[in-house]
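Report on the structure given below.
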Amino acid sequence: MFQLVGYDEVFNGEVAGLWRKASGAGESGDAHGISHVVAIMGPQSSGKSTIMNRLFGTDFFTMDEDQGRYQVTQGIWLGFDRKSGTAVIDLEGTDSRERGEDAVTFERKSALFALAISEVLIINLWTQDVGRLNASNILLLRTVLEQDLVLFHDEKSAPMRTKLLFLFRDHDMATPLPRLSNVMKEDLQGIWKQITAGTVHNESQLEEFFDLEFYALPHKVLMPEEFEAACLELRANFQKEDIFKSSYDRQLSLDGFPVFAGGVWETIRRDKELDLPAQRELVAVVRCDEFKKEALEAAEEELGVVKEAINTGDDTKLAAVGEDIGGIVSRAFEVFDENAQRYPEKAVSKRAELEASLSALATGIFGSHADKVRRQLLEAFGTQLKSLTSWNGFGKGLKGFVTTAMGKFDSLCATNVDYIEPEYSAKREQLSSSIELQARRWRDSAVKSSLQQLQAHYGSSFAPPCAAILDAAAKHVDTVWALVAQLSHKSYKTVKEEASTRFATEGLALPPDVERSAIIALKLDCEEETLRQIHGLIGSPSLFLTRVKQCFFDQFRNDANGLPRVWGPDDDITEVYEKALEVSADVANALSTVNRFDLDDPEVAKESVKHFDDECYIEQIKASLQKEAEAAFAESKRSQEQMKAQ
Ligand code: GDP
Ligand code: MG
């Protein structure tokens, strides 16, 4: 038993907890067993609390004569009869002396509250007052009838019947109950006429809205045995249930009682119009929200355990994470659905909210699990890649590593839970593309260093024979570049074959388009290498000059067999000199422009490249050659003169 509303009209803030405890409700507030509400109104000290305790086994405070304590019910109290599943409301006396003038307003509020909440309203009256109703009794009855009309029979609200159960106290058997009942009915009709006169209910009968029932109880002190017997009989009636007809049902799910009672009372207290459907809707919203929170909290707690497993668990535990999360999510829905079915009109939207939150929670936790697995696998993959020290076997090795990584990801993260499936797919995709990226980077750098090596191979196979061709340029002035082109073609063919081996499936396993562009790059590299090598041989003015001079002196100083000439007295030095000058000029001309060829086809000339763009270099070279040639010529002439003079 606890107080719902204080004497000061304030609704007890603890009601939710007290209700849960006192009604024996489960964690969710499920009011098992409590299915009805009954209230009692009547004058102060008319034995209301006493009779409710007798009828429902409650323990409301009563004015205890024996101990001389004066304990009058103040405000509104709530007790429980778990046996009959009834919540019992005991109200402050309607003629409260303490309230004075305010008693009338409090009585109106009490009546509204009692009618809104209880299916059966007991009205407690002294038998002696029946037929001689005093002002306050009339006021009480009038208030009850009026407020019932306001609540359940104006245009807006759905009509609802109310049972008024009259208890005639201290019945002395002098007047039989049927007579008392009739007198009471007549008085009620009178009051009814007064309040409906001139309203829409003018033509309506009291019985259209109310079920009336009358009981007489003997004097508790004078006829205690009879009193107790009558109490037992009435109690048995309440246990039978048929006293609560479905037409009185206030349509509130009792797990929402605290919210409903609080809302109703606050509205009444603030003198606002009481809109019961709106109140019921409020209860539905509040309760479904509570169910949602409870389901979420329970899920969060369980997910905490899963989190722990993610942080510390072994593979067996990790592999179960998806399923565990799925179980937690469906349990949360089960609990919510079980509770929220009482409020079908709000359950759907709150379920959607719950679904959103649960899905976010589950996704978050699963995501961190999948992320952790993903990072570990990516790291392991990187280590495995590093173990590949050469291009050889890359393709086969890579395939194995990828299969291992993706397989392990699936075994640790695969899930059949709808909520986390997208997260699984996303993380899998992420892992697969990271792996692909790493593999591509590794492959690209392997391709790059392969190209460098191949270019070097090309250079070293091309350069020495090229130097020989250039050295002997005087012998094949017209075909020097054709020879170089054939040489470069041959050298390129060899490295191209080597490249194909490296790039094939057994090697780097390059996709066809990548292989194609690698080969194109190789060709460009080799072309560049060709020029670089040639440039290294003849590309600077001094190298060029040396080579041309070499050519001149070869021709001038050596004979056709390459042996040094000894000038005889009859030798025509001038002719040899001019011939040598001519040949070296031809060589200079031929070498001053490099002909580039297509490495794949030496017959196709691409372009000519001059060593020196600046003409003056050529002039300088020619002048320098001329000078040295003339000096050599003069010296030869001199030695011939000397020989002749001897
Ligand atoms: P309440 O103020 O209406 O709740 O009245 P209580 O239940 O506290 O009882 C007021 C006083 O009336 C107490 O001293 C009771 O013992 C006494 N009382 C209870 N029931 C009866 C009854 O049926 N007849 C009479 N005469 N007194 C009663
Ligand atoms: Mg009382």
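Values quoted throughout were computed directly from the atomic coordinates according to the rules given, and no laboratory measurement underlies them. Since the model is a prediction, treat every value here as computed from it, not as a measurement. Methodologically, a virtual Cβ is constructed for each residue, glycine included, from the backbone with ideal geometry; neighbour enumeration extends over all protein chains shown.
Between the C-alpha center of the stretch 521-548 and that of the stretch 366-434 there is a gap of 49 Å. Ranked by the mean number of other Cβ atoms within 10 Å of their residues, highest first, the peptides 397-404, 293-300, 42-49, 249-256 come out as 42-49, 249-256, 293-300, 397-404.
Restriction of the GluC sites (Glu not before Pro) in the stretch 186-277 to DSSP coil positions whose beta-carbon has at most 12 other beta-carbons within 10 angstrom yields Glu203, Glu273. With a sphere of radius 15 Å drawn around the Cβ of Glu228, what net charge do the other residues whose Cβ falls strictly inside it have (Lys, Arg +1; Asp, Glu -1)? Net of charged neighbours comes to 0. For the stretch 130-206, the equivalent ellipsoid derived from the alpha-carbon gyration tensor has semi-axes of 26, 13, 11 Å in decreasing order.
Ordered by the count of other Cβ atoms within 10 Å of each Cβ, fewest first, His153, His369, His476 give His476, His153, His369.
With neighbour counts taken as other beta-carbon atoms within 10 Å, the residues Leu531, Leu591 rank, fewest first, as Leu531, Leu591. Ordered by the number of other Cβ atoms lying within 10 Å of each residue's own Cβ, fewest first, Lys372, Lys109, Lys610 fall into the sequence Lys610, Lys372, Lys109. Shape of the stretch 2-274 from its Cα gyration tensor (a ≥ b ≥ c, root eigenvalues): rounded if a/c is under 1.5, otherwise prolate when a/b > b/c, or oblate? In terms of gyration-tensor shape, rounded.
Sequence-ordered 3J(HN,Hα) estimates for the stretch 334-340 from the Karplus curve with 6.51, -1.76 and 1.60 and θ = phi - 60° stand at 4, 4, 4, 4, 4, 6, 6 Hz, glycine and proline given as x. By the scheme Lys and Arg +1, Asp and Glu -1, what is the net charge of all other residues having a beta-carbon under 14 Å from that of Asn589? That works out to -2.
The mean of 1/r over all distinct Cα pairs in the chain, once inverted, gives the Kirkwood hydrodynamic radius of 35.6 Å.
Other residues lying with their Cβ under 9 Å from the Cβ of Ile76 contribute a combined charge of -2, Lys and Arg counting +1, Asp and Glu -1.
Using 27 Å as the Cα-Cα cut-off, could you pick out the over-long pairs in Lys490/Lys579; Lys496/Lys606; Lys48/Lys109; Lys307/Lys399; Lys48/Lys272?
Lys490/Lys579; Lys307/Lys399; Lys48/Lys272
Let me know the shape class of the stretch 593-646, please: from the alpha-carbon gyration tensor, a ≥ b ≥ c as square roots of the eigenvalues, rounded when a/c is under 1.5, otherwise prolate if a/b is greater than b/c, or oblate. Oblate.
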